[in-house]
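The values are calculated or read from the model by the stated rules, or taken from the named source; none is laboratory data. These numbers were taken from a predicted model, which means no experiment stands behind them. Don't worry about glycine lacking a Cβ; one is built from the backbone with ideal geometry, like all the others, and counts go over all protein chains shown.
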Amino acid sequence: MKAAFSVEDLSFRYPSSKEDTIRRISFEVYEGEIFGLLGPSGAGKSTIQKILIKLLGNYRGTIKYFGKDLNSLSNSYYEEIGVGFEVPVHFSKLTALENMKFFSGFYKKRANIQELMERVGLWEYRNVKVAEFSKGMKVRLNFVRAMLNHPRVLFLDEVTNGLDPKNARIIKDMIAEYRAGGGTVFLTTHLMNDVEQLCDRIVFCVDGRLVETSTPRDLKLKYGKREVKVEYRKNGNIESAIFPLDGIGFNNEFQDLLRSGKVETIHSCETSMEEIFILVTGVDLK
Ligand SMILES: Nc1ncnc2c1ncn2[C@@H]1O[C@H](COP(=O)(O)OP(=O)(O)O)[C@@H](O)[C@H]1O
Ligand SMILES: [Mg+2]
């Protein structure tokens, strides 16, 4: 697998700060994957994104973008990346469409603005000034902005934050399609749903350090409880029992229960990513 980014021993300190915000982290983002950086507020996620998009310089360590030192890249780098900032940046006195046309004008490669705006449900509001947009509409427009140049790598910082489930779904579908078309995504989030539904690999970030890189599935296998919960009727009440998944085919008690005809529900008790995060890092995301 080709690395879109190879980050080695990266540290960073804000000029106004006495301590490093990013502390000796290393990771790779492979071409064509959705890489998720997950962690609580203040962990350093946005800082890492800002370093990777060359908004913050003066870092220590090395960062390579498709094998080239990030520091050596010219402004043509910005032709290749799309960025969704944590806080949407628009001209509030201009309409949504005027904003998108303005930003699109910076690029040689240009996506179809109407198509993107239609998809996120904003085309009908294209002539409305962004000042009159709701928070959710600004978040959606922010995503369109990130896609304006058909980017090779897409950076998304808390991309679904503040969206209702329907609109979050639309954006997630668009991210998945972008990846299916060969795009690479660097996604930072504190929302487990985003990670579980989208990411090929994730890394936990706590206090400027990275804790564990893995796939959501492997993490669940490693840390997950392998159990089945059965709810059944007994003397007019609903009771429940938990059985280990291993060897369940030979578990007489479980089989008797199934045969009793009184089973109401059966669920496998997967450990949620949220629980795994706490297990691995010792930090509660909330
Ligand atoms: N411009 C800045 N100057 C000094 N400290 C900052 C600046 N921006 C962020 N920080 C600090 O760096 C840490 C990481 O912030 P950030 O990268 O925004 O975290 P996250 O995105 O994970 O919530 C926080 O403690 C934050 O207060
Ligand atoms: Mg952030």
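Would you tally the residues in the stretch 127-142 being part of a loop (DSSP other than H, G, I, E, B) and either surrounded by 17 or more Cβ atoms within 10 Å (Cβ to Cβ) or among the aliphatic types (A, V, I, L, M) (or both)? Break it down stepwise before answering.
Taking the stretch 127-142 first, the residues part of a loop (DSSP other than H, G, I, E, B) are 127-128, 133-134.
Narrowing the set further to residues that are either surrounded by 17 or more Cβ atoms within 10 Å (Cβ to Cβ) or among the aliphatic types (A, V, I, L, M) (or both) leaves 128, 133.
Matching residues across the stretch 127-142 total 2.
Checked against (1) over 30 Å from E86 (Cβ atoms); (2) in contact with a Lys or Arg (Cβ under 7 Å, 6 or more places away or on another chain); (3) of a type in the set (V, I, T), T215 passes all but condition (1). Can you name the residue in the stretch 271-286 that is hydrophobic (A, V, I, L, M, F, W, C) and not in a loop (DSSP other than H, G, I, E, B) and is also nearest to the chain's Cα centre (by Cα) among such residues? Out of the qualifying residues, it is M273.
The set of residues in the stretch 19-41 that are in contact (Cβ under 8 Å) with a residue 12 or more places away in the chain, within 16 Å of ligand 1 (Cβ to nearest atom) and in a loop (DSSP other than H, G, I, E, B) comprises D20, T21, G39, P40, S41. Counting only helices (runs of 4 or more DSSP H) that fall entirely inside the stretch 190-270 and contain at least 2 residues that are within 29 Å of I170 (Cβ to Cβ) and of a type in the set (A, V, I, L, M), the qualifying elements are 192-198.
Tell me which residues, restricted to the stretch 94-122, are charged (D, E, K, R) and over 16 Å from V139 (Cα atoms). Please lay out each step first, then the result.
Going through the stretch 94-122, the residues charged (D, E, K, R) turn out to be 98, 101, 108-110, 115, 118-119.
Hits for the stretch 94-122 are E98, K101, K108, K109, R110, E115.
Is it the case that S46 is surrounded by fewer than 16 Cβ atoms within 10 Å (Cβ to Cβ) and closer than 25 Å to V280 by Cβ? So S46 does not fit the description; no. All told, I175 meets the bar of being assigned to a helix (DSSP H, G or I), of a type in the set (V, I, T), at pLDDT 95 or above and in contact with a strand residue (DSSP E or B) (Cβ under 7 Å, 6 or more places away or on another chain).
Across the stretch 133-142, the qualifying residues are those that are out of contact with any Pro (no Cβ under 8 Å at 6 or more places or on another chain) and under 16 Å from L97 (Cα atoms), and the one among them that is nearest to ligand 2 (Cβ to nearest atom) is R140. I'm checking my understanding of the structure. Among residues of the stretch 29-68 that are among the charged types (D, E, K, R) and under 19 Å from P151 (Cα atoms), which one is farthest from ligand 2 (Cβ to nearest atom)? If we take residues in the stretch 29-68 being among the charged types (D, E, K, R) and under 19 Å from P151 (Cα atoms), then K68 is farthest from ligand 2 (Cβ to nearest atom).
For the stretch 8-52, a residue qualifies if it is more than 17 Å from the chain's Cα centre (by Cα) and closer than 17 Å to I81 by Cα, and exactly one does: I51. Just one of the listed residues (D200, D173) is free of Cβ contacts under 8 Å to residues at least 60 places away in the same chain and either within 16 Å of ligand 1 (Cβ to nearest atom) or charged (D, E, K, R) (or both), namely D173. Of the residues making up the stretch 20-30, one or more are in contact with a Gly (Cβ under 8 Å, 6 or more places away or on another chain), at pLDDT 95 or above, among the acidic types (D, E) and farther than 22 Å from V195 by Cα. Within the stretch 74-107, track down each residue that is modelled with pLDDT of 95 or more, in a loop (DSSP other than H, G, I, E, B) and either charged (D, E, K, R) or under 21 Å from T188 (Cβ atoms) (or both). Across the stretch 74-107, the qualifying residue is only K93.
Reported count of residues in the stretch 70-88, each being within 27 Å of G39 (Cα to Cα) and loosely packed, with under 14 Cβ neighbours inside 10 Å, is 2. Restricted to the stretch 143-175, and to residues there that are among the acidic types (D, E) and within 16 Å of ligand 2 (Cβ to nearest atom), the residue that is surrounded by the most Cβ atoms within 10 Å (Cβ to Cβ) is D157.
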